[in-house]
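The block underneath contains the structure these notes are about, expressed in structure tokens.
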Amino acid sequence: MTTISPLIAGNWKMNGLTSSLEELSALAQLLTTGEAPRAVVVVCPPATLLAAVAAQGASSGIMAGGQNCHVEAAGAHTGEVSAGMLADVGAQYVIVGHSERRADNHETDDLVRAKAEAAIGAGLKPIICVGETEAERDAGQAESVVAAQLASSVPDAAGQHEVIVAYEPIWAIGTGRTPSNDDIRQMHANIRDRLVERFGEKGAQIRILYGGSLKPVNAREILAIENVNGGLVGGASLLAKDFYTIISSV
Ligand code: PGA
């Protein structure tokens, strides 16, 4: 069995002012004075703070990631940020296809795949999000929905380049609810099967993160589930102490 080094990514979403960099300093302090983290640590702040997070995080091993990128490298797309721009200010990762963007900005699987390809082209590692709605889970369609999202959102380039998949059941995001450990185990096993089917040995090494109400109280059990190779953390990543507790649960 291959061992995959775990990764914990914090998604600040549309939260954070320059004053929030104090929280990053607090996290850096915890990471450098406590026991060495057993996970790769990534913080994805809003674009306005990305350069500062990348610069400030470097000395404590915190990597920076964007929350979205455009499919094109440059051009007449007012308000957009390209993958190359994220890389230029020090990002190493970028979240693509988060369910909030799929819902708010009508992002399709094809668009998400194109964004992942743009990220890879710019030298970033895309964190590609998939996940079912509550109605889809209730209808017994969770696995087929996620399989379809994977098939269309993960680019072929994942066979040669590093990508990360994040399974985030939409109904668990920001709600304080999580699937049962058995449901998480089963979904992650299914995702693993799909990745191995498509990418062979390489697919066995792709990190599959769990996201959706991952908190200090449930992180230890969830992160110990087979094929859960880390987490994507929203709300609980905003407070250094909580995020550090989740990181140390690995
Ligand atoms: P949450 O968000 O941890 O606040 O549920 C997770 C996410 O949306 O990535």
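Once neighbouring chains are kept in place and the probe is 1.4 Å, which whole percent of the accessible area of the stretch 111-212 is contributed by carbon and sulfur?
46
Place a +1 charge on the Cβ of each Lys and Arg in the chain and a -1 charge on the Cβ of each Asp and Glu, then give the dipole magnitude about the Cα centre in debye, rounded to the nearest 20.
With Lys and Arg at +1 and Asp and Glu at -1, about 500 debye.
Looking at 42, 53, 78, which one has the Cα that reaches farthest to the positive end of the dipole of the stretch 1-131 (charges on Cβ: Lys, Arg +1; Asp, Glu -1)?
Going by the Cα projections, it comes out as 42.
Which residue, 103, 128, 219, has the largest displacement toward the positive end of the dipole of the stretch 100-250 when charges sit on each Cβ (Lys, Arg +1; Asp, Glu -1)?
Most positive-ward Cα: 219.
Per residue, what accessible area does the chain have, given a 1.4 Å probe and all protein chains present, in Å²?
About 44 Å² of surface per residue is accessible.
May I ask you to derive the FRET efficiency for residue 88 and residue 198 from their Cβ-Cβ distance with R0 = 45 Å, giving the value to the nearest 0.05?
The pair residue 88/residue 198 has a calculated efficiency of 0.90.
Number of Lys pairs in the chain with C-alpha atoms less than 29 angstrom apart, excluding same-chain neighbours closer than eight positions?
Number of lysine pairs found: 11.
Calculate the length of the line joining the C-alpha centroid of the stretch 8-34 to that of the stretch 224-243, in whole Å.
That distance is 13 Å.
Which one, 158, 135, 87, has the greatest fluctuation when you compute a Gaussian network model over the chain with C-alpha springs under 10 angstrom?
135
Please report, in cubic angstrom per residue, the volume enclosed by the convex hull of the alpha-carbon atoms of the chain.
Here the figure is 115 Å³ per residue.
The values are calculated or read from the model by the stated rules, or taken from the named source; none is laboratory data. Since this is a predicted model, take the numbers as computed values, not measurements. For neighbour counting, all protein chains shown are included, and Cβ atoms are generated from backbone atoms with ideal geometry for every residue, glycine included. Accessible surface is based on the protein model in full, side chains and every heavy atom, while ligands, DNA and RNA are left aside. Shrake-Rupley method; radii C 1.70, N 1.55, O 1.52, S 1.80 Å.
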